[in-house]
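The values are calculated or read from the model by the stated rules, or taken from the named source; none is laboratory data. Just so it is clear, the structure is predicted and the values come from calculations on it, not from any experiment. With ideal geometry, Cβ positions are generated from the backbone for all residues, glycine too; neighbour counts draw on all protein chains shown. Calculation scope for accessible area: heavy atoms of the full protein, side chains included, ligands and nucleic acids excluded. Shrake-Rupley method; radii C 1.70, N 1.55, O 1.52, S 1.80 Å.
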Protein chains: 4
Amino acid sequence: MANLTFDSYGKTRVRLTQVLRQGDRHEVVELSAKILFRGKFETSYTKADNSVVLPTDTIKNTVYVVARKNPIQSIEQFCRDLASHFLGSVPHLESVHIEIQQSPWNRINNHGSAFVSGGIERRVATLIATREKEHLESGIHGLEILKTAKSAFSDYLVDEFTTIPPTRDRLFGTVMDADWSYRDGVADYNAAHADIRDVLLSTFADHVSESVQHTLFDMAKAALSAAPLIKEIHLVMPNKHRLLMDLSKFKLSNPNQIFVPTDEPSGYIEARVTAD
Amino acid sequence: MANLTFDSYGKTRVRLTQVLRQGDRHEVVELSAKILFRGKFETSYTKADNSVVLPTDTIKNTVYVVARKNPIQSIEQFCRDLASHFLGSVPHLESVHIEIQQSPWNRINNHGSAFVSGGIERRVATLIATREKEHLESGIHGLEILKTAKSAFSDYLVDEFTTIPPTRDRLFGTVMDADWSYRDGVADYNAAHADIRDVLLSTFADHVSESVQHTLFDMAKAALSAAPLIKEIHLVMPNKHRLLMDLSKFKLSNPNQIFVPTDEPSGYIEARVTAD
Amino acid sequence: MANLTFDSYGKTRVRLTQVLRQGDRHEVVELSAKILFRGKFETSYTKADNSVVLPTDTIKNTVYVVARKNPIQSIEQFCRDLASHFLGSVPHLESVHIEIQQSPWNRINNHGSAFVSGGIERRVATLIATREKEHLESGIHGLEILKTAKSAFSDYLVDEFTTIPPTRDRLFGTVMDADWSYRDGVADYNAAHADIRDVLLSTFADHVSESVQHTLFDMAKAALSAAPLIKEIHLVMPNKHRLLMDLSKFKLSNPNQIFVPTDEPSGYIEARVTAD
Amino acid sequence: MANLTFDSYGKTRVRLTQVLRQGDRHEVVELSAKILFRGKFETSYTKADNSVVLPTDTIKNTVYVVARKNPIQSIEQFCRDLASHFLGSVPHLESVHIEIQQSPWNRINNHGSAFVSGGIERRVATLIATREKEHLESGIHGLEILKTAKSAFSDYLVDEFTTIPPTRDRLFGTVMDADWSYRDGVADYNAAHADIRDVLLSTFADHVSESVQHTLFDMAKAALSAAPLIKEIHLVMPNKHRLLMDLSKFKLSNPNQIFVPTDEPSGYIEARVTAD
């Protein structure tokens, strides 16, 4: 016999651009949403019973309707508006899982209605909500950063297959993903997000690093200290290696000047840090 | 205070090509590996203590060494060889998480040493191993399939935002991810994998589908029936919509002949099904 | 003063799926089209005069209308149907540039209406047409192939920066783009395309290669010989290097068994070969 | 008979990071280079004669050597240094084609040695050089921009397949590629590049647009006026459509507030504009 032990369905990559206008001053929000349902949907799998299935096309339509009725002020609030709608309208829905990724747009010369992309970085909010409770996380994905000083890696464990030389001066590049959860009482998610991004960046910049692990932990610690409303933060920092080019075979020195950036293989470091 | 509550590190995207030769008959295995360590590594984060850190560069080197010492017969076995090595050589490593993705190469006209790519499909194995136990899954990721008959979607739940029309004849395309776990006693992982892939494909082809959910469940059920060694299977099948083009405004009929394929938004359906 | 010396506009990434049915036997064509116009469109640039601009949205609509009126038998014929329509309906259009990329779908077990993707390979047709003449090319893009025998690279030019060792036995992998033009009189573009693909593949497989250049030229020559209707062929074959892993530092030999596949940097070899 | 009528070879995706230091102030240049050779290389194709082939691995090595000997001040100068080297050292090389793409890194809070990525935008230089002459172009690729006001599209040519409604207020988004050539006498390529980028952005922001064509031409004109050292500029501006969502079926108005951003299909507009 075959038993259905888990199921989930919904819509992904629902894209939306919102323009709000105050005279000549326009605000742009551009995002992609993923919305998954869990609940009493088993018979659609096991008995071909579609009567329990709200079409994913309807889920998509609803994203636009909810945005029109409740203009998006932050993606965190938009997650909640969507969850509230779906939990209110689909009785057999037990939990809704929403992930929203917002693309950054920066003003061109402080122009009121013209913008240049902020790149591959995404502001992220994820919400898991039932009728009784919710778990909300905010984050930044794809933040590509590089430091060219104050980064070392030495005194590590050596085994028979270790060939990497220790160094007191290397390049340290990563594409960071950060996700955190707040305590209750955040008044302005946009401001809080900007503050945490600033702390992460400035800590990365100033840190005297003995390893990616070392810097990651101190970035997490700084975020928790600077933003007392955060209760937990999870950081993923792949090590996007830039290899010192060996020019000795061409009778040239290379005083940490010429490197080969690589995409693969890639180190991978992650941790979760909690305020107590 | 900041407490480290979770940490993990390792190497991703370690790529390897292995050629084994029996006279003019060559066998190619091409893969990408991800290897993550969990254990007593906290001090590298909290005290800049690298003495606990085996460099990720060493992890990478070891992949090649282990492959050389134990020629790869299946990626499942290779996961185990790698896990066994790392658990044996790093005392404070508690669990190792390995994911291997193999790229398919098909022979050109049954030639002994020339191959054409099997596309974006990947054969996958994931292993989580401690010194006491292991959890192994095998799978297929990125299997792009399409059926042009025997697919309907009607009699679904309708709310105020539902605009999609019911249909008894639509295109059904997906890019499937399947992962399953075996009972003990699999003698030949390569043969088992090929069998399960065949059952999934033929069930998809023949199924009289009322929904993606319906087909997904029957594919899972067929895999469990046909391969008694599987104890559980997890399927993810996004609905890669092909929209019927409305040609009525040009005074043309469209008897299910001309569609617009789309990448986004995309339906998303998943389930886990267990043999009992 | 600023003079407009070249201009072109149109629509790209117009995607279409066509299903033709003969009882239970369905034929699927899936493609993406790019259509560019050149002609007397200057005033739209220089005088904001849109009266000369057929909207790109209309160009997109027309792709579906033309496909409905003239079911697609080959992408070459579809290019011509589209060109004929646009040149017939837009008087100030002087030349139309059409590129169509078709995604391969293979039947699952010879099933009538279920298909599995043929991967990233694309069948391609490009047409440049005016009211007086046309230039048509057919091709294959993204054909990923690998040979593990009969490939050498030695006796090359050596300068002071040459460090690569000569080899009589290396892996040879590429992702080939081929484009060719036919003489008049091709009766069946689908059959001709399949024939040329076969010749290219079998020549690659059997060739005793001294370099990518050497194999590329002999593949082109074989295509011209085997398919007398081709008058010219252009091949691009990047060298997707698989580097022999140096295991000597671990006291292991590596008899051409373990390689590191790489995406970058990549060799690049191209040539055009003409029948006389 | 088969005649070789064109051939070219070289190396692509050669990646390099350069760090130059003045005390605590570091300058980072990160780039990817493509270098192709044309000349008397026919016998490598037709006679398996590798004696004319400088290995592409050597071309790659040389990129790093030339950078070490001549620190990179601008990618334009680096193109010339590379061309000069290769034309000087390979007698049968007739022309060398170099394309360099530089990734933008911005300082974190004006920090001396910490940087955040400038996104997918690339600064580009392309050089075609022989021993007698050169053609150099500079450019920007992948500049993603959006304006939410002063963009209309109306009064266009209408045919039987035109269904798009005219609008006096739409969103206008593009991912621009610009390439230009300078007159002789540019003293500082970095400053010139920054100036042209500024003019392109500010013209885009302020323009009262009747079409993409209209804005593209005025951007080109502005660049030629503001930077008298440019003699020609080529712009490609795909129209990345953001479609007004029709909410009327849900009894909601949509006063240009909620849009659906799309990647495909995409309008495509290009032109070359020359100063006289």
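List of remarks:
- Boolean, C:Thr148 is in the same structural domain as C:Thr174 (by TED's automatic domain parsing), polar (S, T, N, Q), under 28 Å from C:Arg272 (Cα atoms) and touching a Leu at 6+ places or on another chain (Cβ under 8 Å): yes
- Test: A:Ala226 is modelled with pLDDT under 95 and not assigned by TED's automatic domain parsing to the domain that holds A:Phe78: yes
- Condition broken by A:Arg123, with the remaining ones in (1) of a type in the set (Lys, Arg); (2) over 30 Å from A:Arg25 (Cα atoms); (3) open to solvent by 20 Å² or more (accessible area, probe 1.4 Å) satisfied: (2)
- Residue in region D:188-195 that is in a helix (DSSP H, G or I), in contact (Cβ under 8 Å) with a residue 24 or more places away in the chain and closer than 14 Å to D:Met176 by Cα present: no
- Note on region D:233-276: enclosed strands (runs of 3 or more DSSP E) holding 2 or more residues that are within 14 Å of chain C (Cβ to nearest Cβ) and hydrophobic (A, V, I, L, M, F, W, C) are D:242-244, D:266-275.
- Residue match in region C:96-107 (condition: within 12 Å of chain B (Cβ to nearest Cβ), open to solvent by less than 40 Å² (accessible area, probe 1.4 Å), of a type outside the set (S, T, N, Q) and touching a Leu at 6+ places or on another chain (Cβ under 7 Å)): yes
- Of all residues assigned to region B:216-231, at least one qualifies as being surrounded by fewer than 19 Cβ atoms within 10 Å (Cβ to Cβ) and of a type in the set (A, V, I, L, M).
- Just one of the listed residues (B:Gly88, B:Gly118) is closer than 23 Å to B:Met237 by Cβ and not basic (Lys, Arg), and it is B:Gly118.
- Comparison of A:Asn3, A:Asn106 shows that the only residue that is polar (S, T, N, Q) and outside the structural domain of A:Thr126 (by TED's automatic domain parsing) is A:Asn3.
- Identity of the residue in region C:141-152, open to solvent by 20 Å² or more (accessible area, probe 1.4 Å) and outside any loop (DSSP other than H, G, I, E, B), that ends up nearest to C:Met245 (Cα to Cα): C:Glu144
- Residues that are within 17 Å of C:Thr46 (Cα to Cα) and either open to solvent by 20 Å² or more (accessible area, probe 1.4 Å) or among the β-branched types (Val, Ile, Thr) (or both), drawn from region D:186-205: D:Thr203
- Looking only at region A:162-199, and only at residues there that are over 13 Å from A:Pro228 (Cβ atoms) and acidic (Asp, Glu), the one that is farthest from the chain's Cα centre (by Cα): A:Asp169
- Restricting region D:248-264 to residues that are under 26 Å from C:Ile59 (Cα atoms) and without any contact (Cβ under 8 Å) to a residue 24 or more places away in the chain, the residue that is surrounded by the most Cβ atoms within 10 Å (Cβ to Cβ): D:Ile258
- Taken over region D:157-176, the criterion of being within 14 Å of chain A (Cβ to nearest Cβ) and either buried (at least 17 other Cβ atoms within 10 Å of the Cβ) or assigned to a helix (DSSP H, G or I) (or both) is satisfied by D:Arg170, D:Leu171, D:Phe172, D:Gly173, D:Thr174, D:Val175, D:Met176.
- Residues located in region C:75-95, provided they are more than 13 Å from chain B (Cβ to nearest Cβ) and open to solvent by 10 Å² or more (accessible area, probe 1.4 Å): C:Gln77, C:Arg80, C:Asp81, C:Ser84, C:Leu87, C:Gly88, C:Ser89, C:Pro91, C:His92, C:Glu94, C:Ser95
- Annotation: of all residues in region C:108-120 being at the interface with chain B (Cβ under 7 Å from one of its Cβ atoms) and over 17 Å from B:Arg197 (Cβ atoms), the one that is surrounded by the most Cβ atoms within 10 Å (Cβ to Cβ) is C:Ser113.
- Hits in region B:6-55 (condition: β-branched (Val, Ile, Thr), open to solvent by 10 Å² or more (accessible area, probe 1.4 Å), farther than 19 Å from B:Thr130 by Cα and facing chain A (nearest Cβ under 7 Å)): B:Thr12, B:Thr46
- Any hit, region B:206-213, residues being surrounded by fewer than 20 Cβ atoms within 10 Å (Cβ to Cβ) and assigned to a helix (DSSP H, G or I): yes
- Residue in region B:200-215 that is over 23 Å from the mean Cα position of the chain (by Cα), away from chain C (no Cβ under 14 Å) and not aromatic (Phe, Trp, Tyr) present: yes
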